[in-house]
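Reviewing the structure listed below.
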Amino acid sequence: MDEFINRVKVAGGKRKADLVITNALIVDVYNLEVIKEDIAIVDGVFAGIGSFEGERVIDAKGKYVTPSLIDAHVHIESAMVTPSEFAKAVLPRGVTAVVTDPHEIGNVSGVEGITYMIEDSENVPMDIFFMLPSSVPSTAFENSGATLSASDLKPLYDHHRVLGLAEVMDFPSVASTSPAMIEKLLDALGKGKIIDGHAAGLDSGAINTYKSAGIRTDHECMTADEALDRIRRGMYVLIREGSVAKNLKQLTPAVTEKNARRFMFCTDDKHLDDLINEGSVDHNIRLAIQQGMDPLLAIQMATLNAAECYGLKTKGAIAPGLEADFLILDDLASFSVSQVYRAGELIADNGSLEEIPKTRPPESILDSVHIPELTLEHLKLNVGKGKAHVIEIVPNQILTKKLVINVDQDENECFIPSPQQDLMKLAVIERHHHTGNIGLGIVKGFQFKKGAIASTVGHDSHNLLIAGTNDADMIKAAEAIQEMHGGLVVIQNENIIGKLPLPIAGLLSDQDYHSVNKELEELDAALRKIGAPTDFNPFLTLSFLSLPVIPELKLTDLGLFDVAAFKHISICEE
C-alpha cells in the first residue's frame, strides 16, 4: 500500500521521483510517435511522463528511450548455455524478457530438467518466462529421454513465471482429439494460460482446427500468405529470425499498419555465437528496418505486441504504472543499445554486465549420454540396387527435400559416401535408454570433403546425430561424444580437431558464455578444415535432421521418416 500511495503522489507531482530521465526522445509504442518529455520512475515503476523532480536525474541528452525488448519465443538450450549465462549474452542487446520453451531439456530430462531451468533463471536480472512443453516426445516415431503427460505438467502451472503450454506441434493429436492432448489443452485453458502453436505447412482448414482448440500463435510461417491466413483467423504471428530458420524477409511484406498489432518477433533457435555477433530480437528490428519497415513499428512489435500477446500486463511500453524496463540508444535505425535498465536500475552499460549467480544441475542431468560401442558393422547401410531416398538440406531452413537418386555402393550393396556427389552417411543413435537403436540414412548438402561431425543436440529427442564421409571417422566421433558426456565434435582422420562439451543433459555447457563462444569459434575453424560451407551452420542444420514434424524427409533412431506420409519408409526406392 505504501508503494502504491507513493507512486500516485509522485505521479501527481507531490513527491520527488526516485529517478527522472530528462531530455529524452521517448518512443511511444501506442501512437507510433516520438515525444520529448521527462520520465519519472519510483520503486522500479514508471510514475509519469511530463515534468518532474527526482532524487536522481539522468540527462538523456536527446537520445532515444524505448521500452526494453521481449523475445516472444526462444529455446534457450539452442544457445548451449544455461539460462544464467544466456542472460549475460542477451541483456546487453536490450532484451530484458524472454518467453522460453524448455522443450529440449524436457525431452532429455523431463520435469527435472524443466525445474532446473526455472531454478537457474531465478536470480537473473531479466524476466525469463516459461511455456511448458506440450509434445514430449514430439511423436511416437522416435525415442526421447522422457515422456511428459498432462499430470506431469499440471503442477508446474503454479509457478508465477509459467505462462502456458508451449508450441503444440503434434497436429494429428489435436485433429483426432487424442485424450492425452485434449487434457493438456484443457488444463492450460482452465488455468487461463496461453497456448502456442507450431503450424508448419498447415492449410487453412488445419488452422481452423488449431484456433478452435485455443491455440493462438504460430512461429512457423514461411510465406506472407501463410502469415495472413493465420492473422485472418485471429492468431498472432511470430516473425522468426534464428540461426537456421530465417523467415523475416519473406514475412515482413505481410505486415501493414492495419494488422501489425498481431505480429511480433522471436529467435526460436539461435546459436550463442550468432547471439553475440548479430544479437537477439534487436537484430530482427534492424533487419526489418532494412526491409523498409517503420522503426517505430518494428519496436512496437518487439515490445508492446509481445507483452500483450503473453499477458505481460506491466511490460511493453513507457507509460505510468508499467515496470521501468527501458533502453537508451543513440538512433533508431541502427538500434545500437547504449544502456539497459530493468525496474529502473541500470543493468548493462555499453555491453558491461555484473556477475549473475548459477545453479548447479542435479547429477542425473549430468549423466544423460549412453551410446553403444560402435563397429563398422553397425554403420553398414544396404541400398539394394542403388536407387535410394536421400535427405537434401535446404540451407538456412529447418525443412528438407526428399530426393530419389542413384548412389554409390560396394559389392555387398552397401552405400559408399561420395564427397564428389555431396552425399554423406547420416546416423541417429538412441542415447537415453540403452536400446541400441541406430537409424541410418543418406544426406545431401553438407559439402564436406572429408571427416565427420557429431552432436547430441538433435531436435527434439536429442539422440546422437553423426554425419560423415567415412565410417571410421563416424565411429571416432561417437567415442568422443561419449567421453564428453555429450556435445559437438569435428573429426578428421580419426582425430578430434574441434569440440564443445555439453555435459548438462547433452545440451548445455557448464562453462561461462565467453568460454563457450571461444570453443564455437574453434569448431568453426575445424569445420573449414573439412570443407564445410560458410553460408549456413552445419551443426544447427544437423540438429534438425531428426525432427519428424518438419517436412519433408527426416531420420530418427527408428529409421527414415517421410513427414508427408507420417510414417517410416525404406531407404531403398522400390
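The values are calculated or read from the model by the stated rules, or taken from the named source; none is laboratory data. In this text, all values refer to a predicted model and were calculated from it rather than measured experimentally. Cβ sites come from the backbone with ideal geometry, for glycine too, and all protein chains shown count toward neighbours.
Taking the stretch 339-365 on its own, how many of its residues are more than 25 Å from the chain's Cα centre (by Cα) and of a type in the set (A, V, I, L, M)?
2
Could you please find all residues in the stretch 164-190 being touching an Asp or Glu at 6+ places or on another chain (Cβ under 9 Å) and either more than 22 Å from Glu104 (Cβ to Cβ) or in a loop (DSSP other than H, G, I, E, B) (or both)?
Once the filter is applied, which keeps residues that are touching an Asp or Glu at 6+ places or on another chain (Cβ under 9 Å) and either more than 22 Å from Glu104 (Cβ to Cβ) or in a loop (DSSP other than H, G, I, E, B) (or both), the stretch 164-190 yields Met169, Ser178.
If I ask for residues that are in a strand (DSSP E or B), among the polar types (S, T, N, Q) and over 22 Å from Pro533 (Cβ atoms), which ones from the stretch 448-494 would you list? Can you show your working first?
Pass one, the stretch 448-494, residues in a strand (DSSP E or B): 452-455, 464-468, 487-492.
Still in the running and among the polar types (S, T, N, Q): 455, 492.
Those that are in a strand (DSSP E or B), among the polar types (S, T, N, Q) and over 22 Å from Pro533 (Cβ atoms): none in the stretch 448-494.
Show the residue pairs that are 6+ apart or on different chains and have beta-carbon atoms under 6 Å apart, the first residue being within the stretch 408-437 and in a strand (DSSP E or B), the second being among the basic types (Lys, Arg).
Listed pairs, sorted by first residue: Cys414/Lys380; Leu423/Lys444.
List every residue pair whose Cβ atoms sit under 6 Å apart, with the two residues 6 or more apart in sequence or on different chains, where the first one lies in the stretch 35-59 and is outside any strand (DSSP E or B) and the second, anywhere, is modelled with pLDDT under 95 and loosely packed, with under 13 Cβ neighbours inside 10 Å.
What qualifies is Asp43/Glu3.
Any residue in the stretch 456-484 that is at positive phi sitting within a Cβ distance under 8 Å of a residue that is among the hydrophobic types (A, V, I, L, M, F, W, C) and surrounded by 24 or more Cβ atoms within 10 Å (Cβ to Cβ)? List the pairs, counting only those 6 or more apart or interchain.
Here the result reads His462/Val108; His462/Ala505; His462/Leu507, each pair linking the stretch 456-484 to a residue that is among the hydrophobic types (A, V, I, L, M, F, W, C) and surrounded by 24 or more Cβ atoms within 10 Å (Cβ to Cβ).
Look at Gly110 and say whether it is touching an Asp or Glu at 6+ places or on another chain (Cβ under 8 Å), surrounded by fewer than 24 Cβ atoms within 10 Å (Cβ to Cβ) and at positive phi.
Here the answer is yes, as Gly110 does meet what is asked.
Name the single residue that is surrounded by the fewest Cβ atoms within 10 Å (Cβ to Cβ) among those in the stretch 82-106 being assigned to a helix (DSSP H, G or I) and among the charged types (D, E, K, R).
Within the stretch 82-106, the first condition is being assigned to a helix (DSSP H, G or I), and the residues that meet it are 83-93, 103-106.
Right, trim to among the charged types (D, E, K, R) and you get 85, 88, 93, 104.
Values: Glu85: 25, Lys88: 21, Arg93: 25, Glu104: 28.
Restricting to residues being assigned to a helix (DSSP H, G or I) and among the charged types (D, E, K, R), the top hit is Lys88.
So, of the residues in the stretch 517-566 that are outside any helix (DSSP H, G or I) and without any contact (Cβ under 8 Å) to a residue 12 or more places away in the chain, which turns out to be surrounded by the most Cβ atoms within 10 Å (Cβ to Cβ)? Please lay out each step first, then the result.
Going residue by residue through the stretch 517-566, those that are outside any helix (DSSP H, G or I) are 530-537, 544-566.
When the remaining residues are screened for being without any contact (Cβ under 8 Å) to a residue 12 or more places away in the chain, the result is 534, 565.
Values: Thr534: 9, Ala565: 11.
Among residues in the stretch 517-566 that are outside any helix (DSSP H, G or I) and without any contact (Cβ under 8 Å) to a residue 12 or more places away in the chain, the one surrounded by the most Cβ atoms within 10 Å (Cβ to Cβ) is Ala565.
Which one of these does Ala72 not meet: (1) in the same structural domain as Leu19 (by TED's automatic domain parsing); (2) closer than 25 Å to Leu91 by Cβ; (3) touching a Ser or Thr at 6+ places or on another chain (Cβ under 9 Å)?
Going through the list (1) in the same structural domain as Leu19 (by TED's automatic domain parsing); (2) closer than 25 Å to Leu91 by Cβ; (3) touching a Ser or Thr at 6+ places or on another chain (Cβ under 9 Å), Ala72 breaks only (1).
Looking only at the stretch 350-368, which residues are hydroxyl-bearing (Ser, Thr, Tyr) and either touching a Gly at 6+ places or on another chain (Cβ under 8 Å) or assigned to a helix (DSSP H, G or I) (or both)? Spell out how you get there, then give the answer.
Pass one, the stretch 350-368, residues hydroxyl-bearing (Ser, Thr, Tyr): 352, 359, 364, 368.
Result: Ser364, Ser368.
Can you tell me which residues in the stretch 252-270 are buried (at least 24 other Cβ atoms within 10 Å of the Cβ) and under 22 Å from the mean Cα position of the chain (by Cα)?
Once the filter is applied, which keeps residues that are buried (at least 24 other Cβ atoms within 10 Å of the Cβ) and under 22 Å from the mean Cα position of the chain (by Cα), the stretch 252-270 yields Phe263, Met264, Phe265, Cys266, Thr267, Asp269, Lys270.
Residues of the stretch 230-271 being within 14 Å of Gly197 (Cα to Cα) and either in a helix (DSSP H, G or I) or of a type in the set (Ser, Thr, Tyr) (or both), which ones?
Arg230, Ile231, Tyr236
Among the candidates Phe86, Phe4, which residue alone is without any contact (Cβ under 8 Å) to a residue 24 or more places away in the chain and among the aromatic types (Phe, Trp, Tyr)?
Phe4
So in the stretch 116-163, with the set limited to residues that are assigned to a loop (DSSP other than H, G, I, E, B) and among the hydroxyl-bearing types (Ser, Thr, Tyr), which one is farthest from His198 (Cα to Cα)?
Taking the stretch 116-163 as the starting set, the residues that turn out to be assigned to a loop (DSSP other than H, G, I, E, B) are 121-126, 133-149, 159-161.
Now restrict to residues that are among the hydroxyl-bearing types (Ser, Thr, Tyr): 121, 134-135, 138-139, 144, 147, 149.
Values: Ser121: 25, Ser134: 11, Ser135: 11, Ser138: 11, Thr139: 14, Ser144: 19, Thr147: 19, Ser149: 19 Å.
Once the filter is applied, the top-ranked residue is Ser121.
Looking only at the stretch 541-550, decide whether some residue is more than 17 Å from Asn463 (Cβ to Cβ) and in the same structural domain as Val407 (by TED's automatic domain parsing).
Filtering the stretch 541-550 for residues more than 17 Å from Asn463 (Cβ to Cβ) gives none.
No, there is no match, as no residue in the stretch 541-550 is more than 17 Å from Asn463 (Cβ to Cβ) and in the same structural domain as Val407 (by TED's automatic domain parsing).
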